[in-house]
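Bear in mind these aren't lab numbers, they're just calculated from the coordinates by the rules spelled out. No experiment lies behind these values; they were computed from the predicted model shown. Cβ coordinates were reconstructed from backbone atoms using ideal geometry, including for glycine residues, and neighbour counts include every protein chain displayed.
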């Protein structure tokens, strides 16, 4: 076996030990990427990272520890994850069905300390679909 210090950052010392299939998480690399993201944005207040690629509370908490407090998601299960992480702002980045709108609005009532936002269908698209406009913004 080679010296562990000579291994690339993604290498596993004992490749036979992890059970497969599995997900490997590299906290130091994630930390580096969070810091790079903040550096590029210039300010954590300019960031609303999407959680679709990781869907992990641990990574949300790592981002929160660096001052990121608002997050974007695309599913109601991701909304629930962000609620549990107690983030300040949640942006639901898709057009929910009527049933999902009801649940999303109910969560806004249940968690008044969190700011919920949703995407708005354009007026032209809404008229084409014969749907009323519902803005899912809640100011706390």
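By average Cβ neighbour count within 10 Å, what is the ranking of 92-102, 9-19, 59-69 from highest down?
On the way: 92-102: 13.8, 9-19: 8.1, 59-69: 16.9.
Packing order, densest peptide first, comes out as 59-69, 92-102, 9-19.
Which value, to two decimals, describes the C-alpha radius of gyration of the stretch 23-129 once divided by 2.2 N^0.38 Å? Don't skip to the end; give the middle numbers.
Values: Rg = 15.2 Å, N = 107, 2.2 N^0.38 = 13.0 Å.
Against the empirical 2.2 N^0.38 Å value, I get 1.17 for the stretch 23-129.
How much length is gained if the chain between residue 106 and residue 35 is pulled fully straight, taking 0.36 nm per residue apart and subtracting their Cα-Cα distance, in nm to one decimal?
Gain in length upon complete extension: 22.1 nm.
Return the Rg/Rh value of the stretch 37-80, two decimal places, where both radii are evaluated on C-alpha atoms and Rh is the Kirkwood radius. Write down the numbers at each step before the final one.
Numbers: Rg = 10.4 Å, Rh = 10.8 Å.
For the stretch 37-80, the value is 0.96.
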